[in-house]
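Structure record follows, encoded as structure tokens.
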Amino acid sequence: MSEFQAYFQLGFDHITDSNGYDHILFIVALCTIYTLVDWKKVIILVTAFTIGHSITLALATMGMISIRPDVIELLIPVTILITAILNFFHKTPKTSYVKEKTYSSRYPLALTFGLIHGLGFSNYLRALLGKEADILNPLLGFNIGLEIGQLIIVLIILSVSFVMIELFRLSKLKWNDILSGIIAGMALSLILNNMLFKEIMGLSLN
């Protein structure tokens, strides 16, 4: 196996690993309001997220930016919670103009939150690279592996949504509320159990 293939596999495994489900939760939250017929919009949305995390993944891996890992570990579930909460305010618009405006507002959200998630990916990648001099090939392989993994997750989400809405006749609004509620609860649990959050709350109480 070549170096590129090895890091491609590591990137794919990292995004699809159930033990690190926070990134999966964010992708699910991001795509909850969509169905299979919106696949073009979803691809653009996921691409915006990819651009965001690719920027900080590259910069952090090359040592150009550095943020405390515990801060990132707290910010990631915060991005999940915010995205899930915003889903509750999403309503299917009646006009094409409003529809386009509503959907387009999610793109900068995905890009911005992608910057935060990229820092989380970089902590894992830096630990793998160690003191390796040439990081461009591993970085590219890892990033493409992440992207393929994300697209598979998105396909699964949209397929489940299709089954629930088209086959089980669950309304889009109810499905959105159910899934977003589950995600929000899981994100809140991650925040409340985060060590940095507990330290901050302990300091504020004292």
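The values are calculated or read from the model by the stated rules, or taken from the named source; none is laboratory data. Since we're looking at a predicted model, the values are computed, not measured. All Cβ positions, glycine included, derive from the backbone under ideal geometry; neighbour counts span all protein chains shown. Note: accessible area is taken over every heavy atom of the protein model, side chains too, but ligands, DNA and RNA are not part of it. Shrake-Rupley method; radii C 1.70, N 1.55, O 1.52, S 1.80 Å.
With respect to residue 81, is the statement that it is modelled with pLDDT of 95 or more, of a type in the set (A, V, I, L, M) and within 16 Å of residue 49 (Cβ to Cβ) true? It is false that residue 81 is modelled with pLDDT of 95 or more, of a type in the set (A, V, I, L, M) and within 16 Å of residue 49 (Cβ to Cβ).
Can residue 128 be described as open to solvent by 20 Å² or more (accessible area, probe 1.4 Å), in contact (Cβ under 8 Å) with a residue 24 or more places away in the chain and not β-branched (Val, Ile, Thr)?
Working: open to solvent by 20 Å² or more (accessible area, probe 1.4 Å): yes; in contact (Cβ under 8 Å) with a residue 24 or more places away in the chain: yes; not β-branched (Val, Ile, Thr): yes.
Yes.
Checking the condition modelled with pLDDT of 95 or more and not basic (Lys, Arg), which residue from 26, 4 passes?
None of the other options fit; the residue is 26.
Please indicate, with yes or no, whether at least one residue in segment 164-171 is of a type in the set (Val, Ile, Thr) and open to solvent by 30 Å² or more (accessible area, probe 1.4 Å).
To start, the set of residues in segment 164-171 that are of a type in the set (Val, Ile, Thr) comprises 165.
If we keep only those that are open to solvent by 30 Å² or more (accessible area, probe 1.4 Å) as well, we get none.
Within segment 164-171 (the criterion being of a type in the set (Val, Ile, Thr) and open to solvent by 30 Å² or more (accessible area, probe 1.4 Å)), the answer is no, since none of the residues qualifies.
Pairs are defined by a Cβ separation below 6 Å, a sequence spacing of at least 6 or placement on different chains, a first member in segment 102-122 that is touching a residue at least 40 places away in the same chain (Cβ under 8 Å) and among the β-branched types (Val, Ile, Thr), and a second member that is part of a helix (DSSP H, G or I) and open to solvent by 20 Å² or more (accessible area, probe 1.4 Å); the pairs so defined are 116/75.
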